[in-house]
Amino acid sequence: MESEPDDWVARRAYELWEQAGNPDGQEHEHWSQASAEWDENSATSPTSSWDDQAE
C-alpha cells in the first residue's frame, strides 16, 4: 500500500501529463512538479504540534 503523499503525487503527475497532451518521455518532469506541489502544500498546511497533542 502506498502512502498518502505518493498517491497524491502520482495522481497529480498523471493530471499534469494529461494536461500536457500525454507526451512521451516527460514522466520525471511531471513527477517532479507534482512532488514540489505536494511539498509546497504540506509546508503551508496547518499541522498540530506535539504541544497540542499533550493537552
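I need the full set of residues from region 1-45 which are over 11 Å from the mean Cα position of the chain (by Cα) and of a type in the set (A, V, I, L, M, F, W, C), in order please.
Within region 1-45, Met1, Leu16, Trp17, Ala20, Ala43 meet the criteria.
Residue-by-condition table, conditions (1) assigned to a helix (DSSP H, G or I); (2) modelled with pLDDT of 95 or more:
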| site | (1), (2) |
| --- | --- |
| Glu2 | no, no |
| Ala13 | yes, yes |
| Ala36 | yes, yes |
| Asn41 | yes, no |
| Asp52 | yes, no |
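What number of residues within region 1-17 satisfy the criterion of being out of contact with any helix residue (DSSP H, G or I) (no Cβ under 7 Å at 6 or more places or on another chain) and surrounded by 10 or more Cβ atoms within 10 Å (Cβ to Cβ)?
The total comes to 6.
Give the residues of region 25-47 that are small (Gly, Ala, Ser) and touching a residue at least 24 places away in the same chain (Cβ under 8 Å), sorted by residue number.
Listed by number, the residues that qualify are Ala34, Ser35, Ser42.
So the check is Cβ under 7 Å with 6+ separation or different chains; which pairs have a first residue in region 5-24 that's among the basic types (Lys, Arg) and a second one that's surrounded by 17 or more Cβ atoms within 10 Å (Cβ to Cβ)?
If the second residue must be surrounded by 17 or more Cβ atoms within 10 Å (Cβ to Cβ), the pairs left are Arg12/Ala34.
The values are calculated or read from the model by the stated rules, or taken from the named source; none is laboratory data. Note that the structure is a prediction, hence the values are computed from the model and not measured. Cβ atoms come from the backbone with ideal geometry, glycine included; neighbour counts cover every protein chain shown.
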